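Below you'll find the structure, written out as structure tokens, and then a few comments.
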Amino acid sequence: MSFSPGPPLQPNFYAQDPLVVARSLLGAVLVHEHSDGTRYMGRIVETEAYRGQEDQACHAKVGRTPRTETLFGPPGIGYVYLIYGMYHLFNVVAWPEGKAAGILIRGIEPISGITGTTHGPGRLTRAMKITGEHHKQPVWEGSLRIHGGEGVPESQVSTGPRVGVDYAGEWAMKPWRYWITDHPNVSAVPNKKKR
DNA sequence: GCACGGATTTCC
DNA sequence: GAAATCCGTGCG
């Protein structure tokens, strides 16, 4: 492919309000220069914002701990963790240092290097070979980066409640999930019953 | 030191 | 509806 992304997004981009960052990341390009020589690229089509210590869906709700320290730290740092013992989820720290926030990358559209399916936050990290080694790594330099994309017009952006956070009470209803309307690579919300 | 449950996905 | 399967957190 001849597609070439823009320059990496700089730390000041991530210092904005996490809601703005989550919205603005739509259309940006996730790039992983793997040590095996493969260059994985995907266009971000779905994100979620986790905003502040008071957000009961955000890991930082427990305050500053060894685990959440990264979220309170400087913006533009990767936050990768293992969920349910089997899936890595990839986030980027937002807001200035001292204010905890993270943007979960939930869906990408494959551009190059990617094999297999990418819908869903756990699947896309597998497809792009993102692992714990990227935790706490800056995403504007290094092997895993986010580059500027073409931008997505407001008319193509949908918002809604975040997925899998029903336990968070009123916070679960915040429309802090952003995706490109009708995009096929947006994660499917599974049926709560049979499928 | 131990019990509990989760920003998920898949199968019955 | 529940398993798979690891670890952060809370409590003792």
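Readers should treat all values here as calculations from the given coordinates under stated rules, not as data from a laboratory. Predicted, not measured: the structure shown is a model, and the values here were computed from it. Glycine also receives a Cβ, built like all others from the backbone with ideal geometry; neighbour counts cover every protein chain displayed.
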(request) Take the stretch A:47-106, compute every pairwise Cα distance, and split them into 5 Å bins from 0; I just need the percent in each bin. (result) 4, 23, 30, 29, 11, 2, 0
(message) Going by amide H atoms built from the backbone, whose H comes under 5 Å of the H on A:ALA101, apart from near neighbours?
(response) A:GLY52, A:ALA94
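Rounded to the nearest 20 Debye, what is the dipole magnitude of chain A about its Cα centre when Lys and Arg each give +1 and Asp and Glu each give -1 at the C-beta? Display every interim value, and only then the final one.
Details: 21 positive and 17 negative charges, 136 e Å.
Rounded to the nearest 20 debye, it is 660 debye.
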(message) Helix-only estimate, please: 222 nm mean residue ellipticity of chain A, summing -39500 (n - 2.57) across DSSP H runs of length 4 or more and dividing by its residues, to the nearest 500.
(response) -2500 deg cm²/dmol
(message) Beyond 19 Å, how much of the Cα-Cα pair distribution for the stretch A:42-156 remains, as a whole percent?
(response) 46
(request) Give the long-range amide H neighbours of A:GLU109: residues separated by 5 or more places, or on another chain, with amide H under 5 Å away, using H modelled in the peptide plane at 1.01 Å from N. (result) A:ARG43, A:ILE44, A:VAL45
(request) In whole angstrom, note down how far apart the Cα centers of the stretch A:3-19 and the stretch A:102-172 are. (result) 13
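Output the peptides A:45-56, A:130-141, A:104-115 sorted from most to least packed, where packing is the average of other Cβ atoms within 10 Å over each peptide's residues.
Details: A:45-56: 22.2, A:130-141: 16.5, A:104-115: 20.2.
For the peptides A:45-56, A:130-141, A:104-115, the packing ranking is A:45-56, A:104-115, A:130-141.
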(message) How compact is the stretch A:111-195 by the rule of thumb for globular proteins, expressed as Cα Rg over 2.2 N^0.38 Å?
(response) 1.30
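For chain A, go through all pairs of different Cα atoms, get the mean of 1/r, take its inverse, and jot down that Kirkwood value in Å.
Numbers: mean 1/r = 0.0603 Å⁻¹.
For chain A, the Kirkwood estimate is 16.6 Å.
Just add up the charged neighbours of A:PRO121: K/R +1, D/E -1, any other residue whose Cβ is under 13 Å from the Cβ of A:PRO121. Working shown, then result.
Numbers: positive: A:ARG106, A:ARG123, A:ARG126, A:ARG162, A:ARG177; negative: A:GLU46, A:GLU48.
For residues surrounding A:PRO121, the net value is +3.
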(request) Have a look at A:PRO74, A:GLY6, A:GLY120 and report the one farthest towards the positive end of the charge dipole of chain A, computed about the Cα centre with Cβ charges (Lys/Arg +1, Asp/Glu -1). (result) A:GLY120
(request) Neighbouring Cβ atoms within 10 Å as the yardstick, rank A:MET41, A:MET173 fewest first. (result) A:MET173, A:MET41
